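The values are calculated or read from the model by the stated rules, or taken from the named source; none is laboratory data. Everything numeric in this text was worked out from a predicted model, so none of it was measured. Using ideal geometry, Cβ is built from the backbone for each residue, glycine included, and neighbour counts are taken over all protein chains shown.
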Amino acid sequence: MAIRPAIIFDLDGVLTDTAELHFQAWKRLADERGIPFDRQHNQSLRGVGREESLRRLLAGRPVSPSKFAAMLERKNDYYLAMIAKLTPDDLAPGAAELLANLRRLRWKIGLASGSRNAQRVVDRLRIREWFSGIADGASVERGKPAPDLFLHCAGLIGASPSACVVVEDAPAGLQAARAAGMHTVSVGPDTVSEMADLHVADVSELHAAELAAILGRSDYGAARPTVASSSFGPF
């Protein structure tokens, strides 16, 4: 039996614009401490875990372990308050159509987000049904750019790393996917597209045929008859 191809999506900045909410939460925290922080500073935080993000924001400024923990909690509280307002309308344009088509074409579909709040976002967007496995920031000890998160997700969906395409918006995520031995698609105007097999502005530009071509699997890129979402079989 031929090995089915797999696709692993990042969440923030790919399937929804929660990356902007992270920026707003970090910005609020930085302003409270009088730390200069703008969108350029935020670029270095994209795709990395919460603790490492705070270290980069502090940039060597000394804080006690208890203060460090309190700052992490405060930032998370700011972020949680914002994602509580998310609805399915906040799903990125074209994302639902892409997920539905990949499901029809029998791709294995996973989600790998470095955020520990990924599960909450997934539920707010009501997209859990699309994924055979979800890995988040609590799934592994080493976050991106280490390959662990993507390898863990590949295990959850029963996919070989070489048969996986990762869709990412952050250099750290692209580096992690490459280290895992996976193919990559970069999303967004600020992504380092040289690290990817394919670059698109957003997921509305992404199609199964292009993804299949990356893997040399044209048999998983052709259009197939549409079926009702309620009739999707087990994955």
Checking the structure you have, find out if any residue of the range 157-175 is touching a Cys at 6+ places or on another chain (Cβ under 7 Å) and at pLDDT 95 or above. no
Residues of the range 4-45 being aliphatic (A, V, I, L, M) and either surrounded by fewer than 13 Cβ atoms within 10 Å (Cβ to Cβ) or in contact with an Asp or Glu (Cβ under 7 Å, 6 or more places away or on another chain) (or both), in sequence order, are Val14, Ala19
Exercise. Does Gly110 satisfy being modelled with pLDDT of 95 or more, surrounded by 16 or more Cβ atoms within 10 Å (Cβ to Cβ) and assigned by TED's automatic domain parsing to the domain that holds Ala138?
Worked result: yes
Given (1) at pLDDT 95 or above; (2) under 17 Å from the mean Cα position of the chain (by Cα), Asn117 misses just (1)
Expected output for the range 149-165 (first residue under 15 Å from Phe131 (Cα atoms), partner part of a helix (DSSP H, G or I), Cβ below 7 Å, 6+ apart or cross-chain) is Phe150/Ala176; Phe150/Ala177; Ala154/Pro161; Cys164/Ala154; Val165/Leu211; Val165/Ile214; Val165/Leu215
Per the filter on the range 113-129, residues in contact with a Pro (Cβ under 7 Å, 6 or more places away or on another chain) and surrounded by 15 or more Cβ atoms within 10 Å (Cβ to Cβ) are Leu125
